[in-house]
Amino acid sequence: MASNKLKINDIARLAGVSATTVSHIFNKRDKKYRISPQTRQRVLSIAEKYRDQSHIHQYLVKANSTNTIGVIVPDMSNSFFSMFLHHLEACFRQKNIQLLITCSHYNKEVELKVAQNLVERKVDAMIVVTSLDSDLFYVDINQNTPVLLFDRYLKDTTLPFITSEALQSVADLIKPYAEKLDEFYFIGCDIQLTSIQARLKGFKQGLESVGLKVDSDWLVSDDYCPNKGYQLLKNVHQKLGRVPKAIFTPSGNLLQEVLSYLVEAKIDPKQIYLCSYDYNSYLDYCYYPIDAIEQDFEKMALTCVNVIDDLLNFKELKHQAFFIQPKIIRHR
């Protein structure tokens, strides 16, 4: 070979086949043209010896692709993740790509295990809603299997991520009520998560923009477990001797638990203003008027597909961070 850069003709000569045969194998057309498994393996074995050359690495990735994408979410019963998966599956199905969906149940050890299982199944890429505190595990996986973080990103991560914009949207959501009130409570959980941190920051920004100084007593949070929103509001009610004048919840499941307490305590809807992240259609029929932020599931899913496509084709991403603009749905 005159050059150190291995060419298709070089691989063909070493394997004793035509350059056309090598091209068919690299482009997954070997079955279509009835190329034997033995010939395919011989060509790929030769190419594997030169994997350190970037173009050969790309050939091998394409030749060995499984047309599967691994997805890890923490909770399939959460309406946000269910809706996202619904749109994501539809988008990838149009490209003849199948999803392998797994659940971490907010458990870090389970997440590590299911992620490793997806790698062993040789998925082409992974989309992850992580519960980990560091990206080191996924940075390591990303060396051979592209990883895209979704919803929750990790601070200072080098991995690409997609999430909904929260700062300005949450600030705009609560402003109309913050302007006429002297208190506004945040009832949330898992504020160590970047997505929740952004919503809390937007909440504070909204209060400060109308001159309402944030009182630390208004920021009520804990680690999440089922019915935690109910318990947090109950504690506030007992402490104040009344319910707060206004509440913002950073997620739909917490809102449901807050509503459960309000119904049980027979709180008049006129006594309280409610705002939340994660709009759900049931809010259109809710006894309590609730203004909520609706995330754009379709655009988030399409962005995931486009980013994964670019990663699999070794294209340089225009951005590492993709913030999808949501919209506000008002019921007052």
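If we sort 53-66, 10-23 on the protection proxy, mean other Cβ atoms within 10 Å, highest first, what's the order? It would help to have the intermediate numbers written out before the result.
On the way: 53-66: 15.7, 10-23: 17.4.
In decreasing order of mean packing, 53-66, 10-23 become 10-23, 53-66.
Using a cut-off of 23 Å between alpha-carbon atoms, which lysines can reach K62, once sequence neighbours fewer than 8 places away in the same chain are excluded?
Counting by Cα, and skipping residues close in sequence, K62 has these lysines nearby: K5, K7, K28, K31, K32, K49, K95, K122, K315, K318.
Binning every alpha carbon pair distance of region 230-332 at 10 Å from zero, what are the percents per bin?
Over region 230-332, the share of Cα pairs per 10 Å bin runs 13, 37, 21, 15, 10, 3 percent.
Counting only Cα, what are the radius of gyration and maximum Cα-Cα distance Dmax of region 8-63, in Å?
When restricted to Cα atoms, region 8-63 yields Rg and Dmax of 10.0, 29 Å.
Where q = 0.06, 0.07 Å⁻¹, what log10 of I(q)/I(0) comes from the Debye formula for the chain, counting one point per Cα?
Log10 of I(q)/I(0), two decimals: -0.30, -0.39.
Assuming 0.36 nm per residue, please report the length gained on full extension of the stretch K266 to K113 beyond their Cα-Cα distance. Mind showing how you got there, number by number?
On the way: separation 153, 0.36 × 153 = 55.08 nm, distance 4.46 nm.
Taking K266 through K113 to full extension adds about 50.6 nm, to one decimal.
Hey, what angle do you get for helix 79-93 against the long axis of the chain, alpha-carbon based, 0 to 90 degrees rounded to 10?
30
At R0 = 41 Å, how high is the FRET efficiency between L60 and S82 if r is their beta carbon distance? Nearest 0.05 is fine.
Working: r = 36 Å, r/R0 = 0.88.
The calculated FRET efficiency here is 0.70.
Between region 77-138 and region 242-275, how far is it from one alpha carbon centroid to the other, in angstrom?
Rounded to whole Å, the Cα centres lie 32 Å apart.
Would you list which lysines come within 24 Å of K239, measuring only between C-alpha atoms, while excluding same-chain residues fewer than 8 positions from it?
By straight Cα distance, K239 reaches K180, K204, K213, K228, K266, K270.
Report the FRET efficiency, 1/(1 + (r/R0)^6), for K315 and S209, where r is their Cβ-Cβ distance and R0 is 30 Å, rounded to 0.05. Don't skip to the answer; put the middle values down first.
Details: r = 39 Å, r/R0 = 1.31.
Taking R0 as 30 Å, the efficiency between K315 and S209 is 0.15.
As a test of the definition: which semi-axes, in Å, follow for region 255-315 when you take the square root of five times each eigenvalue of its alpha carbon gyration tensor? Largest first, please.
39, 10, 8
Could you give the length gained by full extension between Q192 and N9, i.e. 0.36 nm per residue of separation minus their alpha carbon distance, to one decimal place? Could you put the intermediate results ahead of the total?
Working: separation 183, 0.36 × 183 = 65.88 nm, distance 5.40 nm.
Here the answer is 60.5 nm.
Would you mind calculating the gained length between E179 and L132 on full extension (0.36 nm times residue separation, minus the Cα-Cα distance), in nm to one decimal? Could you put the intermediate results ahead of the total?
Numbers: separation 47, 0.36 × 47 = 16.92 nm, distance 3.76 nm.
Result for the pair: 13.2 nm of gain on full extension.
Under the √(5λ) rule applied to the eigenvalues of the Cα gyration tensor, what semi-axes describe the equivalent ellipsoid of region 167-294? Give them in Å, descending. Mind dumping the intermediate values first?
Values: eigenvalues 73, 53, 49 Å².
Sorted largest first and rounded, they come to 19, 16, 16 Å.
What net charge is computed for the residues neighbouring H331, neighbours being all others with C-beta under 15 Å from the C-beta of H331, Lys and Arg scored +1, Asp and Glu -1?
Working: positive: K270, K327, R330, R332; negative: D278, D284, D291, E294.
Net of charged neighbours comes to 0.
Taking the simple approach of a point 7 Å from Cα along Cα-to-Cβ for both T158 and E120, what is their distance in nm?
Computed distance between label sites T158 and E120 equals 2.8 nm.
Values in this text are rule-based calculations from the coordinates and carry no lab data. From a predicted model like this one, the values you see are computed outputs, not experimental measurements. Here Cβ is always computed from backbone atoms with ideal geometry, including for glycine, and neighbour counts include all displayed protein chains.
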